[in-house]
Every structure is written in C-alpha cells, then in structure tokens.
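Trainee: Pasting a structure here, questions to come.
The values are calculated or read from the model by the stated rules, or taken from the named source; none is laboratory data. Since we're looking at a predicted model, the values are computed, not measured. FYI the Cβ positions are ideal-geometry reconstructions off the backbone, even for glycines, and counts take in every protein chain you see. Ligands, DNA and RNA are stripped out before the accessible areas are found, and what is left, the full protein with its side chains, is counted by its heavy atoms. Shrake-Rupley method; radii C 1.70, N 1.55, O 1.52, S 1.80 Å.
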Amino acid sequence: MTTSNQALQQWIDEVANMTQPDRIVWCDGSEAEYRSLVGEMLETGDLIELNQETHPNCYLHRSDPHDVARVEHLTFVCTEHAEDAGPNNNWMHPSEAHAQMDSLFDGCMQGRTMYVIPYCMGPIDSPYSRCGVELTDSPYVAINMKLMTRMGQAALERIEREGKFVRGLHSIGDLNPDQRFIMHFPQELQIQSFGSGYGGNALLGKKCHALRIASWQASQEGWLAEHMLLVEVESPQGDKHYLAAAFPSACGKTNLAMLIPPESQDGWKVRTLGDDIAWLHVDDAGQLRAINPESGYFGVVPGTNVQTNRNAFDMIKHDAIFTNVAVNANNEPWWEGKDDDQPVTDWQGRAVNGSGEPAAHPNSRFTVSAQQNPCYSELADDPAGVPISAIIFGGRRRELAPLVYEAKDWNHGVLIGASVASETTAAAAGKVGVTRRDPMAMKPFCGYNFADYWGHWLSFAARADELPKIFHVNWFRQDADGRFLWPGFGENLRVMRWIIDRCENQVEAEDTPIGYLPRPADLDLDGLDLDPDTLKQLLTVDHAAWREEMQTVGEYFTEYEHRVPELLTAEHQKILKTLK
Ligand code: GTP
Ligand code: SPV
Ligand code: MN
C-alpha cells in the first residue's frame, strides 16, 4: 500500500530513513490482518494463548515489569513558550525535545517492522472526528489500535480526502525506563513516544491524541476533549438522557458506563456510548453534543466480577487481549476480585508463591472492541453524537466530598470541576492513594495551561443556548475501618436518577454553600440496606472541613498566577465567604 497524500508519504519516508526498519507494513484494519499479526506474536511469545475452549480468541501479553502504567513524569508538552503548557505539564522547548527524540529514534527500528497505522478517532463519517497516523515498531500496538480505534483503509481514505492528520511516532526502543519519553508538539499536531509499550504511553490515538493534542485543538476551534465516559439512561417510560462523567484514571468510568440496574430499579436501562473519552461540541441548535472518539475499551481488569460488572465480565470471555493478568491452572485469565478460583502463574509468569503480592498487576487491562459490550449503544456510531443532559465530575475521596451535589450554575460547575481532587491509583507510575488536585480528571491529559483551559470551559456559557447541569459525585467515602460507605457499582443508578430528576426539575434540593444536595427522601433507596446514619454521613457538608478545602483550592489556583480567569476567582471567593 502507498498513499496519494504526499505529506504522509514524505513523513513515512523521513521516519523510515531515520529509524531504519527492515520492513514497512501498512495496516488495512482487516480481520485477516489482525489474525495474522496475532499468529506472528504467538510465535515470538509477545502473546500467549489462553484457554481457547473457555476463552476463544483471548490472549495474554506480559509487558516489561518496568513498563506497566502511564509515566506522567516522562510525559511532556512541548510548546514554544513554557507558560502555554502551564504548571500542569512538564515542558521542554520543541527544538530541544526534537533533538533528544531524534537521537533516540536514530536507527531504533533496525531488525524490526514498522507498522503504518491510519486511524480515525470518532465515526468515520462524523464532522466531529479527527484522524491520525501512528508509525510504530510494536505489533502489540497494532492489534490494540485495531480494537480501540477505527483503523485502516477507511481512515486512510478520510485522511486522503481531508489532508489533515496527527502524526504519531512510536518505538518501544529497548524499554529502558531511563530512555523513555512521551512528547507532544500540539502546534505541530505531532506526538513522539519512545521506550514504552504500555497503554496510554504507546496507543497514541488514546490519551496522546484524543486528549492532549485534541484538547489543544479544541481550545483553538471551540470544542472540548474530555476524560469522560458517555452513557444513556432510559427510564421505564422510555425517556432517555445522556450523561457525561469525568473521573480520574481507575476511578470508575468503565464501571459506570456499563452499569446494570439493581433488581429494585425495575424497567431502567443503561447503555454505553463510551468509557474513557468524550469530544463535546455545540451543535447548530446551540446544544452540547458528544461523541466517543474510541471504538474499544482498554479497561482495568482487577475487581471485575459478576456482582460489580457482569457486562464487562461476560464481554471479556472471548476476543480479548489481556495485559499483565495472572493465569489459573486451567490456563484462564485470573485477577484479584474475579472469583474464588486460584492463580498459579502471576502477571510476570512466575509461580504464585503465596507472598501476598497481587498475582495480577493492579493496572492489568483488557482490550476489547466496544461491539462486544452487551449494553453497547448503536448511537456510539452516530456521526451526530448525542445531546448531553448532565456533566458529572468525580473523584476518589475517602473523606469530605458528599455522595452527590449539584452546581448552582455553569460557572460554579466549572469551579467544581477545577477543584476536583482524587487519590492516585495504579493507572500511573508512582505512589498510590495520595490525594492530589485533578481538575476535570484531566491533570495528566490537558495539552495546555489549565488556567486557559478553565477559561475555555467558562466560555461555553456564551457559546451554547442550553447547557447541561453540572454535578459532582463520590462513590469512595470510607468509614474508620476503610469500608466503603456507599455500595457503588449498580447502585450508582440511584444517584444518576436523582441527577436526571434535577435535570427535569422534578425535585427540590437542599441548598448548601458547596451546591445543591439531595433531600434524603428524594433518593430512591428502595431495596437497599443502608442505615440512616451512613446516609447522613454521605449527605453532610462539613463547613469547617470545606472551608479548609476551599482554601487549598485557592492556594492551588495561585500556581497559575494571573492566567486564572477572574470569573473563576470570583466564584471561588463567593463560596469561601458563604462558608464563613
Ligand atoms: P481508567 O480506565 O484508568 O480511566 O479507569 P476507569 O475510570 O474506567 O475506572 P474503572 O471503572 O475501571 O474502575 C477502577 C476501579 O474502581 C476498579 O477496581 C473498580 O472495581 C473500582 N470501582 C469502580 N466503580 C466503583 C464504585 O462505584 N465503588 C467502588 N467502591 N469501587 C468502584
Ligand atoms: C487511564 O489511565 O486513564 C487509562 C489507561 O484509561 S491508559 O490508556 O493507560 O491511559
Ligand atoms: Mn482513562
């Protein structure tokens, strides 16, 4: 294959000259190609066959033990001026970054194949979609991109029609963590990633393109690229609402997007449009609409079982790639929280020795096509996307943040989003359980200065005629013994129902300084064993603690100096005053 797009062909030639691959393979995105790549990877040991009787077409990939998560400290946004990347990003000047990356890429594909992967983020025929091409020496990346994006011939045709695409260059190098960099050049629509084969570091269509580069493009073009799930909730009467929710990594997006209503919530239906990323545009009628740029899921495996997420549990029984899970005696994938079965081999391929270490890596993942989801919504393929009723922010906070509260208006909602804090998880390298500010769940993913990003969010008040209501949720409150106060998972539908009631102006609410909270009677708790004391804890606003919290938020904003929008500062001051 070649291409009629000269810029693309020229770039490929330049990269091949620099990296010196033995072969160049154009990916057409076909099933046959996927099968043949899998076959080659089984031979090289890149993939291990799992039990094909119980798990047809399921394979295990074991990544390098030092390459198991995103590496935020090695991820850079390279703009001409450091202030444009902002204190929220690591920054390097583009010329320095290019010099450094050129020396790493020099000759790095000798003896390897370079795969050319054209992909489209979003439905092929949607005006909201954007294309890219990833050049990589990793067949693991190629098969994951096939499941995660609309990859191959159709994407290439769109690129040839439009002429515009994001350039992503990736090599696993020798997987040396000291020679690992994930570089973004927003002004050049370019990504260069070296030294990692894992998830968000290597599947460049996902976090690198659809969030970091896209958020920058969106700020120029008047839309939003967000770390959000997209879900349809249908009432027993057949009324449908579309909700978009931003939670940090490993804080419940996939699980909420695939929620199964509990028995007591008879007649309610939930369908998934997306589990990680949403692109939001104001349509011609002045309404906010969203598409999911991805077409597959790269989901957290541990904790998945028939109680927490039966849809996901069933979905990954066939045609799935597992990365860094353990294996049981029957050569089936195994993970912590699966069932009462036992692992025999851990994620590194070692015999399980009862040391107490998890057998599956806490950030082990499944990759599957979204089409396999039992509650998949066909609307995920609708080029027009769906209208959004509510935007929900959330985080993992064992204390302070109530189960749910509602912003008083758009500007207040932007403040709530900008104030999100959450405990760190295994999705990124580093310490787990440390509470940090993670505005809009975008701390690792915003491709430009957060202060400008908050300003961009505020600008939607003037761009749209009708804006969604904004909420904040927290499924992760704990008691003194570390037990979750709220049952979570399917029961989260009860909170979504209150959110929908509020969108439809069906119920009143408690007015508090931090926002509107449910009156206990307005939450449907039918069939739920939750004692009134626990409910009270979940719905209480501790003024003294919140005053401290808002002071911390104020200190955080000062890092962004004069760039913080005045509207946001004013909103913050207003809340601090009411907490006095
Ligand atoms: P990324 O793919 O990293 O962006 O993660 P995510 O936001 O999609 O998180 P996911 O749904 O995969 O959940 C991460 C972890 O949180 C899993 O171990 C889940 O079992 C757990 N979890 C998800 N929802 C809930 C909930 O409502 N309550 C509790 N207690 N845990 C939850
Ligand atoms: C996340 O960390 O938010 C993920 C996994 O969704 S990764 O693709 O590695 O970014
Ligand atoms: Mn994510």
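Trainee: In whole Å, how far is the Cα centre of segment 1-74 from that of segment 435-473?
Mentor: Measuring centre to centre over Cα atoms gives 34 Å.
Trainee: Just to be sure I understand the model, the point goes 7 Å from the Cα along the line to the Cβ. What's the resulting GLU561 to ASP479 distance in nm?
Mentor: Once both label points are built, they end up 4.9 nm from each other.
Trainee: Points 7 angstrom from Cα along the Cβ direction at THR569 and ASN330: gap in nanometres?
Mentor: Placing both labels 7 Å along Cα→Cβ, they lie 6.3 nm apart.
Trainee: Sticking with this one: List residues of segment 470-496, by number, whose backbone nitrogen lies under 13 Å from a label position 7 Å along Cα→C-beta of ARG519.
Mentor: none
Trainee: Can you give the FRET efficiency for GLN52 and ALA16, using 1/(1 + (r/R0)^6), R0 = 30 Å, r = Cβ-Cβ distance, to the nearest 0.05? Intermediate results must be reported in sequence, preceding the final value.
Mentor: Numbers: r = 37 Å, r/R0 = 1.22.
It comes to 0.25.
Trainee: Using r as the Cβ-Cβ distance of GLN110 and ASP28, and R0 as 30 Å, what FRET efficiency do you calculate, to the nearest 0.05? Let's see the in-between values first.
Mentor: Details: r = 25 Å, r/R0 = 0.84.
Here the calculated transfer efficiency is 0.75.
Trainee: Once amide H atoms are built 1.01 Å from N in the peptide plane, which residues 5 or more positions from MET183, or in another chain, come under 5 Å H to H?
Mentor: PHE76, GLN192, SER193, PHE194
Trainee: Here's something else I'd like to know. Which of the aspartates and glutamates could a cross-linker span from LYS317 if the Cα-Cα distance has to be under 18 Å and same-chain partners fewer than 8 positions apart are dropped?
Mentor: Partners found: GLU49, GLU53, GLU332, GLU336, ASP339, ASP340, ASP341.
Trainee: Mind giving me the nanometre distance, one decimal, between the label points for ASP266 and ASP465, set 7 Å out from Cα along Cα→Cβ?
Mentor: Computed distance between label sites ASP266 and ASP465 equals 4.0 nm.
Trainee: A further question on this structure: If you roll a 1.4 Å probe over the heavy atoms of the protein chains, what accessible area per residue do you get for segment 196-248, in Å²? Before the final figure, lay out each step's value.
Mentor: On the way: 940 Å² over 53 residues.
Value for segment 196-248: 18 Å² per residue.
Trainee: First select every other residue whose beta carbon is under 9 angstrom from the beta carbon of SER369; then total the charges, Lys and Arg +1, Asp and Glu -1.
Mentor: On the way: positive: LYS146; negative: ASP319.
In short, 0.
Trainee: Which pairs break 24 Å Cα to Cα here: LYS269/LYS408; LYS253/LYS574; LYS536/LYS580? Each step should come with its number before you reach the end.
Mentor: On the way: LYS269/LYS408 28 Å; LYS253/LYS574 31 Å; LYS536/LYS580 22 Å.
Cα-Cα > 24 Å for LYS269/LYS408; LYS253/LYS574; rest within.
Trainee: Nearest 20 debye, what's the magnitude of the dipole of the chain about its Cα centre given +1 on Lys and Arg Cβ and -1 on Asp and Glu Cβ? Don't skip to the answer; put the middle values down first.
Mentor: Working: 48 positive and 83 negative charges, 122 e Å.
That gives a dipole near 580 debye.
Trainee: Provide the net charge surrounding THR534, with neighbours chosen by a C-beta distance below 15 Å and charges set as Lys +1, Arg +1, Asp -1, Glu -1.
Mentor: Values: positive: ARG398, ARG477, ARG483, ARG494, LYS536; negative: GLU399, ASP479, ASP481, GLU491, ASP529, ASP531, ASP533.
With Lys, Arg at +1 and Asp, Glu at -1, the neighbours total -2.
Trainee: If you don't mind, another one. Determine the sum of side-chain charges near PRO94: Lys and Arg each +1, Asp and Glu each -1, restricted to other residues whose C-beta is under 9 angstrom from that of PRO94.
Mentor: Numbers: positive: none; negative: GLU80, GLU96, GLU188.
Around PRO94, the charge tally is -3.
Trainee: For segment 502-525 and segment 316-356, write down the distance between their C-alpha centroids in whole Å.
Mentor: Distance between centres, Cα-based: 43 Å.
Trainee: If you don't mind, there's one more thing I want to ask. What are the GluC sites (Glu not before Pro) within segment 498-576 that DSSP puts in a loop, where the Cβ has at most 12 other Cβ atoms within 10 Å?
Mentor: Numbers: sites: GLU504, GLU508, GLU510, GLU548, GLU549, GLU555, GLU559, GLU561, GLU566, GLU571; in loops: GLU504, GLU508, GLU559.
Here the GluC sites (Glu not before Pro) that fit, given the DSSP loop and packing criteria, are GLU504, GLU508.
Trainee: Could I ask something else about it? So if I restrict to the alpha-carbon atoms in segment 297-372, what is the Rg, and what is Dmax, the biggest pairwise distance, in Å?
Mentor: Rg, Dmax (Cα atoms, Å): 11.8, 39.
Trainee: Could you order peptides 5-12, 528-535 by the average number of other Cβ atoms within 10 Å of their residues, highest first?
Mentor: Packing order, densest peptide first, comes out as 5-12, 528-535.
Trainee: Also, quick follow-up: If you place +1 on the Cβ of every Lys and Arg and -1 on the Cβ of every Asp and Glu, how big does the dipole about the Cα centre of segment 100-192 come out, in debye to the nearest 20?
Mentor: Values: 9 positive and 11 negative charges, 68 e Å.
So the dipole magnitude of segment 100-192 works out to roughly 320 debye.
Trainee: Now a separate question. If R₀ is 41 angstrom, what is the calculated FRET efficiency for the pair HIS93 and GLU221, using the beta carbon separation as r and rounding to 0.05? Don't skip to the answer; put the middle values down first.
Mentor: On the way: r = 25 Å, r/R0 = 0.61.
With R0 = 41 Å, the Cβ-Cβ based efficiency is 0.95.
Trainee: Right, another one. When the accessible area of the chain is split by element with a 1.4 Å probe, what percent falls to carbon and sulfur? Write out the running numbers ahead of the final one.
Mentor: Details: 10080 of 21960 Å².
C and S fraction of accessible area: 46 percent.
Trainee: I would also like to ask the following. Do the sum for the chain: with -39,500 (n - 2.57) for every DSSP H run of n ≥ 4, divided by all residues, what is the mean residue ellipticity at 222 nm, to the nearest 500 deg cm²/dmol? Provide the component values of the computation, followed by the final result.
Mentor: On the way: 17 runs with 161 residues, N = 580.
Mean residue ellipticity, 222 nm, calculated: -8000 deg cm²/dmol.
Trainee: Multiply the residue gap between LYS240 and MET1 by 0.36 nm, knock off their C-alpha separation, and tell me the result in nm, one decimal place. Walk me through the intermediate numbers first.
Mentor: Numbers: separation 239, 0.36 × 239 = 86.04 nm, distance 4.44 nm.
Roughly 81.6 nm would be gained on extension.
Trainee: To continue, here is another question. Just going by the charge dipole of the chain, with Lys and Arg at +1 and Asp and Glu at -1 on Cβ, which of TYR556, ASN353, PRO123 is farthest out on the positive end?
Mentor: Result: TYR556, furthest along the dipole toward the positive end.
Trainee: Tell me which residues come under 5 Å, amide H to amide H, from LEU189 once H is placed; ignore anything under 5 positions away on its chain.
Mentor: The list, which skips near neighbours in sequence, is empty: none.
Trainee: By DSSP, what percent of the beta bridges with both residues in the chain are antiparallel, rounded to the nearest 5? Write down the numbers at each step before the final one.
Mentor: Working: 61 of 95 bridges.
In the chain, DSSP labels about 65 percent of beta bridges as antiparallel.
Trainee: Moving on. If you average the alpha carbon positions of segment 200-227 and of segment 370-432, how far apart do those two centres end up, in angstrom?
Mentor: 16 Å
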